[in-house]
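In what follows, a structure is listed as structure tokens, so that the remarks can point back to it.
The values are calculated or read from the model by the stated rules, or taken from the named source; none is laboratory data. Keep in mind that what you see is a predicted model, and the values were worked out from it rather than measured. All Cβ positions, glycine included, derive from the backbone under ideal geometry; neighbour counts span all protein chains shown. Heavy atoms of the whole protein, side chains included, go into the accessibility calculation; ligands, DNA and RNA do not. Shrake-Rupley method; radii C 1.70, N 1.55, O 1.52, S 1.80 Å.
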Amino acid sequence: MAYPTFNHPRFIVDAMLGNIAKKLRLFGFDTEYQSDIDDEFLIKKALAQTRIVITKDKRLYQTLKESEIIALLPSSNIELRILVEILNQCNISHVNILPNPFTRCTLCNGLLITIKKILAIDSIPWKVFERIDIVYRCTKCSKVYWNGTHIRQINEQVQEINKHLDYYGSI
Ligand SMILES: [Zn+2]
């Protein structure tokens, strides 16, 4: 079953799926995640912010359905397969898997901005500093990313996921 196309779906991820939240942020999706979030708060937040809930908890999933909240219950336990399930169910084909890459902090979901690399001189190992040109900083928690790690991680993941996505989505 596929849901209607969501151009820029926003997610809220259940406490058990922290790695999935991190990956969705890496792809640029606005993704709420707290490791200690309780069900009641999660439901309130999903409703208030129109977020798609991703959970492995069948009981919670049932409650969400009854509250008419869009929820996904991935059947796999393998990270890559879970991501593919989520993206396929939201009809995100590999044409548009990266709506806004390099825009979200994987730690806190804050927005990233590019900064002059000299401003991050204290946060980047010297050997790396000389080789890189693009530096991002999170506007919320100030974590620094550079093209070596961040972009390579995204590219590797995207290539792997693209192999498994429905090419045409539901068009
Ligand atoms: Zn951050």
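Would you mind calculating the relative contact order of the chain from Cα pairs under 8 angstrom and at least 6 residues apart, reporting the percent as a whole number?
Details: 260 pairs, mean separation 40.0, N = 171.
Result for the chain is 23 percent.
With viscosity set to 0.890 mPa s at 25 °C, what whole-number translational diffusion coefficient in µm²/s follows for the chain from Stokes-Einstein and a Kirkwood radius over Cα pairs? List each step's numbers first, then the result.
Numbers: Rh = 16.9 Å.
The diffusion coefficient I find is 145 µm²/s.
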**Q.** Distance violations [Cα-Cα > 23 Å] among 45/140; 23/143; 22/45; 22/65
**A.** 22/65
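Summing +1 for each Lys or Arg and -1 for each Asp or Glu, what net charge is found among the other residues whose Cβ lies under 11 Å from the Cβ of residue 14? Working shown, then result.
Values: positive: 56; negative: 32, 38, 39, 57.
Its environment carries a net charge of -3.
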Q) Most mobile of 143, 44, 127 per a Gaussian network model of the chain (Cα springs, under 10 Å)? A) 127
Q.
Just to confirm a number: summing +1 for Lys and Arg and -1 for Asp and Glu over residues other than residue 104 whose beta-carbon lies under 9 angstrom from that of residue 104, what do you get?
A. 0
**Q.** Neighbourhood net charge (13 Å Cβ-Cβ; Lys/Arg +1, Asp/Glu -1) for residue 129
**A.** +1
Q. Where the only charges are on Cβ atoms (+1 Lys, Arg; -1 Asp, Glu), what is the dipole of the chain about its Cα centre, to the nearest 20 debye?
A. 520
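Suppose accessible area is computed on protein heavy atoms with a 1.4 Å probe; arrange 8, 164 from highest to lowest.
On the way: 8 120, 164 90 Å².
Final ranking, largest accessible area leading: 8, 164.
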